[in-house]
1. If you roll a 1.4 angstrom probe over the protein chains with everything in place, what fraction of the accessible area of the range 255-307 belongs to carbon and sulfur, to the nearest %?
2. So between residue 187 and residue 235, what do we pick up on full extension, going 0.36 nm a residue minus the alpha carbon distance?
3. Solvent-accessible area per residue for the range 107-236 at a 1.4 Å probe radius, Å²?
4. Quick one: if the Förster radius is 51 Å, what FRET efficiency do residue 144 and residue 248 give, using the C-beta to C-beta distance and rounding to 0.05?
5. What is the spin-label model distance, in nm, from residue 85 to residue 100 if the labels are put 7 Å beyond Cα along the C-beta direction?
6. For the range 107-236, calculate the relative contact order in percent as a whole number, restricting contacts to Cα pairs under 8 Å that are 6 or more residues apart.
7. Evaluate the distance, in nm, between pseudo-label points positioned 7 Å from the Cα of residue 120 and of residue 286 along their respective Cα→Cβ axes.
8. Pairs 201/304; 161/279; 76/205; 131/232; 131/205; 131/161: which are spaced more than 25 Å apart, C-alpha to C-alpha?
Amino acid sequence: MRNFPIPIFLIIALLSSGIVVSCGSKKHAQTRSSINDLRYQVDSLRGLLLESKSTNAILKTENRELKKEQRAHLEKDQDLYSLLEDGMEKEYPWTGTQHFDLRKPNFVIIHHTAQNSTEQTIRTFKIAHTKVSAHYIISRNGEIFQVLNDYFRAWHAGIGKWGNIQDLNSSSLGIELDNNGKEPFSDAQIQALLGLLAELKSKYKIPQTNFLGHGDIAPGRKHDPSVLFPWKRLAEHGFGLWYNEDYLLSPPTHFDPLEALRLIGYDISNPRATIRAFKRKFMGEEVDEDLTEKDIQVIYNLYKRYL
Ligand SMILES: [Zn+2]
């Protein structure tokens, strides 16, 4: 997958503008050491970005289609330029530091595409008006495509909440599984997913509890991945938590299952939707029903694992 070409230039331009904006306006003398600081920051960012597979692909690829995309990407760079400029307070003198890198993702959100092919999803992510994206797409036959550099913020989570985090796009990677929402997930696709998750978990030190589904973080709006998704198998490989099926106990009488789901991370502002999301993931049922005694035992077991 090609990505937009390199906000490296944009970052260079931005950091360079920092010299002009912060110092020019304040008439501060720009010292040689602070210029070197900025050069160091730019070089560090360039190194980080060049590591990206997708960025390398852009640099190596020359064709007509790319030129067309480049025009769109230039416009995108303008947007990012404004955004990054917004992150610099112009009224304060710029001093700089060489001690920094890029923020790392701390969650993975899994989706199903609800589309009929990987090609369709690739197109969807390139059309201007859709305003949706993700970092990876995994096809039904287990082929993995990277859509966006891991360090950038994709638009996949939307309005949602997990614990106190409301902007999941800022802290997560989004993985789209090519699946129409009604069919089983193929073994090849799940194998590929497990491999990708292992890489991401190890590279970014993502906690086991932070591998979630879109339906977990947006229970009132989303129901992907579908009830057919093998969450237990993922948990067995260290991605997400599962309950101990051989050790289900009835909780004490004061136990509040909804409150326990809140402590696990769920948004409980719409309890029916939260219970539905819980049943989809842990009980294998896409239903709108009350909690059963067994459901409550499962929640109690999970809750104790999160403590
Ligand atoms: Zn989704």
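The values are calculated or read from the model by the stated rules, or taken from the named source; none is laboratory data. These numbers were taken from a predicted model, which means no experiment stands behind them. Positions of Cβ are backbone-derived with ideal geometry, glycine not excepted, and every protein chain shown enters the neighbour counts. With ligands, DNA and RNA removed, areas are computed over all heavy atoms of the protein, side chains included. Shrake-Rupley method; radii C 1.70, N 1.55, O 1.52, S 1.80 Å.
1. Numbers: 1210 of 2540 Å².
Looking at the range 255-307 in its full context, I get 47 percent from C and S.
2. On the way: separation 48, 0.36 × 48 = 17.28 nm, distance 1.58 nm.
Once the chain is fully extended between residue 187 and residue 235, it gains 15.7 nm.
3. On the way: 5560 Å² over 130 residues.
Accessible surface, normalised per residue, equals 43 Å².
4. Details: r = 36 Å, r/R0 = 0.71.
For residue 144 and residue 248, the calculated efficiency is 0.90.
5. Output for this residue pair reads 1.8 nm.
6. Numbers: 220 pairs, mean separation 43.5, N = 130.
Relative contact order of the range 107-236: 33 percent.
7. 1.5 nm
8. Details: 201/304 23 Å; 161/279 18 Å; 76/205 30 Å; 131/232 32 Å; 131/205 29 Å; 131/161 20 Å.
From 201/304; 161/279; 76/205; 131/232; 131/205; 131/161, over 25 Å: 76/205; 131/232; 131/205.
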